[in-house]
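Structure first, then comments.
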Amino acid sequence: MKSDTILRRNDQILCSAVDAERAVMMSLEKSRYYGLNATGLRIWELLEQPRSVAGICAHICEEFEVDPPECEAAVLRFAGELVRSGIVDASPL
């Protein structure tokens, strides 16, 4: 996966906020629950529309105090986990 990879939500994932900084997600297909912290929840919100990893990083860097290279590495790791879990789909630009 690269920074120009486009991420799209899997429409079969249900998500519900626990509070302003946490959410739980459920895959009906896999019967699995997932938890999100504030940053993960913000990434999920940003994916309401398909977005590139770079686009997500730009928003996260504006909203959180994080170094851009550190942000990109973390978002790429998290996006990889989401793809492997079937929560999002990834496609090249």
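The values are calculated or read from the model by the stated rules, or taken from the named source; none is laboratory data. None of the values given here were measured: they were computed from a predicted structure. A quick note on method: Cβ atoms are made from the backbone with ideal geometry, for glycine too, and the neighbour counts reach across all protein chains shown. Note: areas computed on protein heavy atoms with side chains; ligands, DNA, RNA excluded. Shrake-Rupley method; radii C 1.70, N 1.55, O 1.52, S 1.80 Å.
Roughly speaking, what is the stretch gain from residue 91 to residue 12, that is 0.36 nm per residue apart minus the C-alpha to C-alpha distance, in nm to one decimal?
26.6 nm
When ligands, DNA and RNA are left out and all protein chains stay put, how many square angstrom of accessible area per residue does the chain have with a 1.4 Å probe?
Roughly 62 Å² per residue, with all protein chains present.
Give me the extension gain from residue 22 to residue 77: residue separation times 0.36 nm, minus the current Cα-Cα distance, reported in nm with one decimal.
Gain on extension, residue 22 to residue 77, equals 17.9 nm.
Quick one: which residues, 5 or more positions from residue 10 or on another chain, have an amide H under 5 Å from its amide H? H modelled 1.01 Å from N in the peptide plane, none for Pro or chain starts.
Long-range HN contacts for residue 10: 88, 89.
Ignoring ligands, DNA and RNA, what percent of the 1.4 Å accessible area of the chain is carbon and sulfur?
49
With a ≥ b ≥ c the root eigenvalues of the C-alpha gyration tensor of the chain, is it rounded (a/c under 1.5), prolate (a/b larger than b/c) or oblate?
Oblate, because a/c is 1.5 or more while a/b does not exceed b/c.
Rounded if a/c is under 1.5, else prolate if a/b is larger than b/c, else oblate: which is the range 43-87, with a ≥ b ≥ c the root eigenvalues of its Cα gyration tensor?
Because a/c hits 1.5 or more and a/b fails to exceed b/c, the range 43-87 counts as oblate.
Give, as a single signed number, the net charge of other residues whose beta carbon lies under 13 Å from the beta carbon of residue 42, with Lys and Arg counted +1 and Asp and Glu -1.
For residues surrounding residue 42, the net value is -3.
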